[in-house]
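What follows is a short report on a single structure.
Bear in mind that the values in this text are calculations on the coordinates, not laboratory data. What you see is a predicted model, and the numbers here were worked out from it, not measured in a lab. Please note: Cβ atoms are built from the backbone with ideal geometry, for glycine as well, and neighbour counts cover all protein chains shown.
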Amino acid sequence: MVDIEYNATGRRKSSIAQVFMKPGTGTIVVNKKPLDVYFPYDTMKMIIEQPLNVVAVMGKYDINIRVKGGGITGQAGAIRHGISRALLLIDADYRGKLKKEGFLTRDPRTVERKKYGQKGARARFQFSKR
């Protein structure tokens, strides 16, 4: 019998994460590395595991993740968003709990572009009267 694989995409800022979930023992692999190796900080691991803890399915699914772009915090947020969306595919009843925690909302903040005639997006060149 073939296990059903659930996949979803999560985004935060400029990070994009593709999440593939299937029933298993609870291993989490990020870019072909174990979670502990890819994210050395406990706070990042906690962010990633939040949706699994909220709906009480920690250790029931093997999760394989491909993530690119942004920094480690943005990548962790993108993974959390992707896991939350994949959990909705598994059971639509999880929506209330995940929505209440804010895990289904995409973080749209991105870097504002630099404008011409200025030093940066908002910063101006130094003004001198003389």
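Tally time: how many residues in segment 43-85 are of a type in the set (Val, Ile, Thr), part of a helix (DSSP H, G or I) and without any contact (Cβ under 8 Å) to a residue 40 or more places away in the chain?
Summing the residues that are of a type in the set (Val, Ile, Thr), part of a helix (DSSP H, G or I) and without any contact (Cβ under 8 Å) to a residue 40 or more places away in the chain in segment 43-85 gives 5.
Name the single residue that is nearest to residue 90 (Cα to Cα) among those in segment 35-53 being surrounded by 14 or more Cβ atoms within 10 Å (Cβ to Cβ) and charged (D, E, K, R).
Filtering segment 35-53 for residues that are surrounded by 14 or more Cβ atoms within 10 Å (Cβ to Cβ) and charged (D, E, K, R), the one nearest to residue 90 (Cα to Cα) comes out as 49.
Looking at 71, 77, 82, which is the one that is among the small types (Gly, Ala, Ser) and more than 22 Å from residue 7 (Cβ to Cβ)?
71
Out of all the residues in segment 86-130, which are among the polar types (S, T, N, Q), free of Cβ contacts under 8 Å to residues at least 60 places away in the same chain and either loosely packed, with under 10 Cβ neighbours inside 10 Å or farther than 30 Å from residue 58 by Cα (or both)?
Those that are among the polar types (S, T, N, Q), free of Cβ contacts under 8 Å to residues at least 60 places away in the same chain and either loosely packed, with under 10 Cβ neighbours inside 10 Å or farther than 30 Å from residue 58 by Cα (or both): 118, 126, 128.
So in segment 54-79, with the set limited to residues that are under 18 Å from residue 33 (Cβ atoms) and among the charged types (D, E, K, R), which one is surrounded by the fewest Cβ atoms within 10 Å (Cβ to Cβ)?
Once the filter is applied, the top-ranked residue is 68.
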